[in-house]
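Taking it in order: structure first as structure tokens, then the write-up.
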Amino acid sequence: MLAAESLVKAFGGLQVIQGMSLRLGRGELLGLIGPNGAGKTTMFNLLAGTLRPSSGVVRLDGADVTPLSQQGRFGRGLSRSFQIPKPFSRMTVLENVMTSAQGQVGENVLSALFQLGSVAAQERANGTRARELLDFVSLSHLEDQPASVLSGGQRKLLELARVLMTQPKVILLDEPAAGVNPTLLDLIIDRIAEINKLGIAVLLIEHNMDMIARLCPRVVVMAAGQLLAEGAPEEVTQRADVIEVYLEGMPT
Ligand SMILES: Nc1ncnc2c1ncn2[C@@H]1O[C@H](COP(=O)(O)OP(=O)(O)OP(=O)(O)O)[C@@H](O)[C@H]1O
Ligand SMILES: [Mg+2]
């Protein structure tokens, strides 16, 4: 469904992605793990079209989408969340979900503002679906509140609803459980499993290994911009080389 082939990304002289490949199968729920700074978010940005690779190819449903922008890939069914969700804090929770349907504006506030005029026109059509999704992520009771009232965990749930509003075939989730309390964590895990059951392929970056083990039959481990290991979570996390790269990143 989604493939990265020998991706390289350099910022200035620094190669942060060094020939990384991975494949996400149709309907698969694949984990992407690795220590801080391994290049996971950068891989997401390359897959989503937020960043262009220095070299390498991205394929979506068989087609080479490397030249396409984030908008172009989004139009082909690829949707992503951000590691640090930034909802439009003065819009209501419902409006935040509804605006997502027009195109994934992500962190670009300016382009979102210019799109506000068309929000009104699409409001009725989108409203029903947005409400269904808020129900799905258990935020219905907050739909008329400004997004600024949401807790960290609730922002992650809002982000999930925003991603789903785009009716994707593939979603990329960047640490959907970071900073989330245990009650909401169970809900988020359950919702991601439900989303996957609908046939949506999911690539999940997460540091919470319990969550990875519960959701992902297969994981890919990155370290220093390269593929280090792949396999079942309980297998790869026993590997000495995987344990070592995690320990290297620990403060001493
Ligand atoms: N725009 C940029 N310019 C320069 N360096 C960058 C840029 N974006 C990321 N990097 C560097 O690339 C490396 C990989 O960063 P990335 O955010 O992809 O890691 P990550 O695996 O997502 O880490 P984390 O688990 O902490 O989120 C880091 O060394 C980071 O400092
Ligand atoms: Mg990251």
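Tabulated values for the structure
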quantity: The range 83-100 - residue that is in contact with a Ser or Thr (Cβ under 9 Å, 6 or more places away or on another chain), buried (at least 18 other Cβ atoms within 10 Å of the Cβ) and not in a helix (DSSP H, G or I) and, of those, modelled with the highest pLDDT; calculated: Met91
quantity: Criterion violated by Glu234 - all others in (1) within 20 Å of Phe44 (Cα to Cα); (2) surrounded by fewer than 18 Cβ atoms within 10 Å (Cβ to Cβ) satisfied; calculated: (1)
quantity: Qualifying residue in the range 21-43 (condition: of a type in the set (Lys, Arg), in contact with a Gly (Cβ under 9 Å, 6 or more places away or on another chain), under 23 Å from Met165 (Cα atoms) and crowded, with 21+ Cβ neighbours inside 10 Å); calculated: no
quantity: Conditions (1) within 16 Å of ligand 1 (Cβ to nearest atom); (2) over 19 Å from the mean Cα position of the chain (by Cα): number failed by Arg131; calculated: (1)
quantity: Complete set of residues in the range 148-170 that are farther than 12 Å from Ser100 by Cβ and either part of a helix (DSSP H, G or I) or touching a Cys at 6+ places or on another chain (Cβ under 9 Å) (or both); calculated: Ser148, Val149, Gly152, Gly153, Gln154, Arg155, Lys156, Leu157
quantity: Selection status of Glu194, assigned to a helix (DSSP H, G or I), within 20 Å of Leu24 (Cβ to Cβ) and not assigned by TED's automatic domain parsing to the domain that holds Phe74; calculated: no
quantity: Single residue of Ala224, Ala213, Ala161, Ala201 found to be surrounded by 16 or more Cβ atoms within 10 Å (Cβ to Cβ) and touching a helix residue (DSSP H, G or I) at 6+ places or on another chain (Cβ under 6 Å); calculated: Ala161
quantity: Residue list for the range 5-19, filter: buried (at least 23 other Cβ atoms within 10 Å of the Cβ) and more than 10 Å from ligand 1 (Cβ to nearest atom); calculated: Leu7
quantity: Unique match (being touching a Ser or Thr at 6+ places or on another chain (Cβ under 9 Å), in contact (Cβ under 8 Å) with a residue 24 or more places away in the chain and aliphatic (A, V, I, L, M)) among Val220, Val163; calculated: Val163
quantity: Per-region count, the range 164-189, residues loosely packed, with under 15 Cβ neighbours inside 10 Å and within 25 Å of Thr92 (Cβ to Cβ); calculated: 4
quantity: Residue list for the range 169-191, restricted to those being under 14 Å from Leu29 (Cβ atoms) and more than 16 Å from ligand 1 (Cβ to nearest atom); calculated: Lys169, Val170, Ile171, Ile188, Ile189, Asp190, Arg191
quantity: Condition check for Ala38: at pLDDT 95 or above and within 16 Å of ligand 2 (Cβ to nearest atom); calculated: yes
quantity: Filter result for the condition that a residue is closer than 28 Å to Arg73 by Cα and among the acidic types (Asp, Glu), over Asp174, Asp186; calculated: Asp174
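The values are calculated or read from the model by the stated rules, or taken from the named source; none is laboratory data. This structure is a prediction, so every number in the text was calculated from the model and none was measured. Here Cβ is always computed from backbone atoms with ideal geometry, including for glycine, and neighbour counts include all displayed protein chains.
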